[in-house]
Amino acid sequence: MKEKLHALQAEALKQVEKADTLADFQKIRVSYLGKKGPITEVLRGMGKLSKEERPIIGELANKVRETITEAIETKKAVIEEAVLNEQLKSETIDVTLPGRPVQVGGPHLLTHIISEIEDLFIGMGFEVREGPEVETDYYNFEALNLPKDHPARDMQDSFYITEDLLMRTHTSPVQARTMGEYQGSKPVKMICPGKVYRRDTDDATHSHQFTQVEGLYVDKNVRMSDLKGVLNQFAKQFFGAEREIRLRPSFFPFTEPSVEMDISCKVCQGEGCSVCKQTGWIEILGGGMVHPNVLKMAGYDPKVYSGFAFGMGPERIAMLKYGIDDIRHFYTNDRRFLEQYHRAQ
């Protein structure tokens, strides 16, 4: 049995010397040291030996196992180092080569428009406020002078989660929340940009989800002329100093009186064309003086405080400013469209 163990050791060491791949070492390990290998078979046959021979053969078998294992690990380490060096050599980076250009994106056109609107109104002393997109019926409607049976609610049919929770139909609830927070203790001068939702059929000019920027200014002695001045400044900033504005009577439940604002058509300069439907004017936003009921519900005394509010859609502003003919372009993620406006001015 001693001769057999010495022979197995010599045979295994020769195999290790010839091996030149990691797979070869695994094969040698299994062949000689595995559960079905010859060394294991020798150890299983030790029961036939005398008590005096067993420890001698057992010790020799363990030494043979250790010698073969050590030889495998030593040669394997040499092979692994060679493989690693070859890999490093093949993957060497030439740092003298010019770098590859990195494609840099830009803000979405609507993000750009909203940021520009925010900058303009911050410059006029307005603060930016935000609120939840999932809103209560009270703040979305009732606090804005739209009780549950008011017919104007039909124009803002929305996505209801429960009878009292819905996806907000405008950002006006942020105004109601802010006034309610102040409870008539101080003036309010704010804009509130954000996403809004209405149950609408998507087409070139309508979307079930869109964005709004609404503004509110409440203080003592706020007049309609203040509203006109702010909107006039906005129009000239966005559409050119030569733009003219006009205010037309309209109706909104939360403002009284209410107006729609038009800007003079930049295509025909007010002469009349297909863009402005031969009128010389293009509707851009709505606004008006805050309704006394809205002030009362928010804790403001309408005999002391007055204010104006307005609301605009960044999609419409972008469409007019850049000649975009379909609102769906903003949301279909077509890179050919989006990349045109990465550096919009």
- Note on the structure: So the helices (runs of 4 or more DSSP H) completely within region 275-338 holding 2 or more residues that are under 19 Å from Glu118 (Cα atoms) and either open to solvent by less than 30 Å² (accessible area, probe 1.4 Å) or assigned by TED's automatic domain parsing to the domain that holds Asp262 (or both) are 314-322
- Query: Looking at region 154-197, which of the residues that are within 29 Å of the chain's Cα centre (by Cα) and polar (S, T, N, Q) is most open to solvent (accessible area, probe 1.4 Å)?
  - Reply: Thr162
- Message: Which condition from (1) out of contact with any Leu (no Cβ under 7 Å at 6 or more places or on another chain); (2) within 30 Å of Lys186 (Cβ to Cβ); (3) open to solvent by 50 Å² or more (accessible area, probe 1.4 Å) is the one that Ser250 breaks?
- Response: (3)
- Out of (1) modelled with pLDDT of 95 or more; (2) closer than 20 Å to Val294 by Cβ, the odd one out for Glu133 is which? (2)
- Query: So which of Thr211, Thr162, Thr178 ends up being outside any helix (DSSP H, G or I) and within 20 Å of Ile122 (Cα to Cα)?
  - Reply: Thr211
- Per the filter on region 54-73, residues open to solvent by 60 Å² or more (accessible area, probe 1.4 Å) and of a type outside the set (Val, Ile, Thr) are Arg54, Pro55, Glu59, Asn62, Lys63, Arg65, Glu66, Glu70, Glu73
- Query: Just checking, how many residues over region 273-312 are touching a residue at least 12 places away in the same chain (Cβ under 8 Å) and touching a strand residue (DSSP E or B) at 6+ places or on another chain (Cβ under 6 Å)?
  - Reply: 18
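Yes/no per residue for (1) in contact with a Gly (Cβ under 9 Å, 6 or more places away or on another chain); (2) closer than 30 Å to Thr178 by Cβ:
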residue: Thr40; (1), (2): yes, no
residue: Thr69; (1), (2): no, no
residue: Ile79; (1), (2): no, no
residue: Ala82; (1), (2): no, no
residue: Asn85; (1), (2): no, no
residue: Ser90; (1), (2): no, no
residue: Gly125; (1), (2): no, yes
residue: Arg129; (1), (2): no, yes
residue: Glu133; (1), (2): yes, yes
- Taking region 208-222 on its own, how many of its residues are within 12 Å of Gly307 (Cβ to Cβ), in contact with a Phe, Trp or Tyr (Cβ under 8 Å, 6 or more places away or on another chain) and not aromatic (Phe, Trp, Tyr)? 6
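Quick grid of which residues meet (1) touching a residue at least 40 places away in the same chain (Cβ under 8 Å); (2) exposed (fewer than 10 other Cβ atoms within 10 Å of the Cβ):
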site	(1), (2)
Glu52	no, yes
Lys75	yes, no
Glu80	yes, no
Asn85	no, no
Lys89	no, yes
Thr96	no, yes
Val102	no, yes
Gly105	yes, yes
Leu109	yes, no
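The values are calculated or read from the model by the stated rules, or taken from the named source; none is laboratory data. The model shown is predicted, which means the values in this text are computed figures rather than measured ones. Positions of Cβ are backbone-derived with ideal geometry, glycine not excepted, and every protein chain shown enters the neighbour counts. SASA here: full protein model, heavy atoms, side chains in, ligands and nucleic acids out. Shrake-Rupley method; radii C 1.70, N 1.55, O 1.52, S 1.80 Å.
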